[in-house]
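Colleague: Please read through the structure below; I'll follow up with questions.
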Amino acid sequence: MTIDHNDLLNSILASLDRVRCIDPDDIPGIDLYMDQVTTFMEGQLRSSVRFPGEDKILTKTMINNYAKNDLLPPPVKKKYSKEHVLLLIFIYYYKGILSIGDIQKLLKPITEQFFQSGGDFNLESVYREAFSMEKDQVEALKADVIQKFKAAEGTFQDAPEESRDFLKQFSFICALSFDVYLKKLLIEKLVDQLAEPEGAEKKEKDKEKEKAKDKEKDKDKEKEKDKDKDKEKEKDKADASGS
């Protein structure tokens, strides 16, 4: 099969131009029931899935599981706020590359500090700032894709002609996959570093507890020694009286 490489590249670049993150202004400013949340997410993200007629964006089961795994604060009277929806958007983008445990590590400090914080700088502020880089990132990605595509075009020049197009496309996929693999390793490393201060703090607290226990044990030993000394004194007194 002959592949029109220019059409392929143009199609890929056009698909990147269609990538859009959800604008916070498009999220309803009122609290929503679960069905309303899933309907909103479906409407906003349906075009981004691989198989639009089959893939699930967000289900009730997913939302309940996120809450059980401490990724999402519980709703208030079965209603979800705008900030709940913002967290669900973060989870949607992360779940394709990170484990539930890693997402929890990443979002926990965000939720603790900014979810319904009541301050001027809140979860929506975090979301807007994080996704403000979207346009520049897409343009950088397009340039990187073009570079990898051209590099792949130069591979397998000596391969059988009937297999050459497929192998070039395979080479292009390999280059993109290796890039994703490396970035995933970097993300996991960064997530682990985020969790390290919390782990170090826990270790320090555990050490303090152990020290406190050791002190209590030492006190108990001293008390036992004092009791033994008192017994010895009483015995000596009794022996002296008997003699």
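Colleague: Can you check what the net charge comes to around Val180, using other residues whose Cβ is under 13 Å from the Cβ of Val180 (Lys, Arg +1; Asp, Glu -1)? If you can, show how the numbers build up before the last one.
Modeller: Values: positive: Lys148, Lys183, Lys184; negative: Asp144, Asp179, Glu188.
Around Val180, the surrounding residues sum to 0.
Colleague: Among the listed pairs Lys95/Lys135; Lys105/Lys183; Lys82/Lys108; Lys78/Lys135, give every one whose C-alpha distance is greater than 26 Å. Intermediate results must be reported in sequence, preceding the final value.
Modeller: Working: Lys95/Lys135 22 Å; Lys105/Lys183 18 Å; Lys82/Lys108 18 Å; Lys78/Lys135 36 Å.
Exceeds cut-off: Lys78/Lys135.
Colleague: Separate question: Could you work out how far the C-alpha centroid of segment 1-42 sits from that of segment 99-130, in angstrom?
Modeller: That distance is 22 Å.
Colleague: Same structure again: Using only the alpha carbon atoms of segment 20-129, find the Kirkwood hydrodynamic radius as the inverse mean reciprocal pair distance, in angstroms to one decimal. Provide the component values of the computation, followed by the final result.
Modeller: On the way: mean 1/r = 0.0695 Å⁻¹.
By the Kirkwood definition, the hydrodynamic radius is 14.4 Å.
Colleague: Something else: Considering the convex hull of the alpha carbon atoms of the chain, report its projected area averaged over all viewing directions, in nm², one decimal.
Modeller: Result: a mean projected hull area of 25.8 nm².
Colleague: Using just the Cα positions, wrap segment 55-105 in a convex hull and report its mean projected area in square nanometres, one decimal place.
Modeller: Details: hull surface 14.3 nm².
Taking the Cα atoms of segment 55-105, their convex hull projects to 3.6 nm² on average.
Colleague: Kindly report, to the nearest 10 Å², the accessible surface of Lys150 as traced by a 1.4 Å probe over protein heavy atoms only.
Modeller: Accessible surface of Lys150 is approximately 140 Å².
Colleague: Using packing as a proxy for protection, rank 16-24, 46-54 so that the peptide with the highest average count of other Cβ atoms within 10 Å comes first. Before the final figure, lay out each step's value.
Modeller: Numbers: 16-24: 13.6, 46-54: 9.6.
The packing order, highest mean first, is 16-24, 46-54.
Colleague: Which value in Å does the Kirkwood hydrodynamic radius of segment 93-189 take, with 1/r averaged over all unlike C-alpha pairs and then inverted? Can you show the working numbers first?
Modeller: Details: mean 1/r = 0.0598 Å⁻¹.
Averaging 1/r across every pair of different Cα atoms and inverting gives 16.7 Å.
Colleague: Could you work out the local net charge near Tyr94, counting Lys and Arg as +1, Asp and Glu as -1, over the other residues with Cβ closer than 14 Å to its Cβ?
Modeller: Neighbourhood net charge equals +3.
The values are calculated or read from the model by the stated rules, or taken from the named source; none is laboratory data. These figures come from a predicted structure and were not determined experimentally. Please note: Cβ atoms are built from the backbone with ideal geometry, for glycine as well, and neighbour counts cover all protein chains shown. The area values use the complete protein model at the heavy-atom level, side chains included, leaving out ligands, DNA and RNA. Shrake-Rupley method; radii C 1.70, N 1.55, O 1.52, S 1.80 Å.
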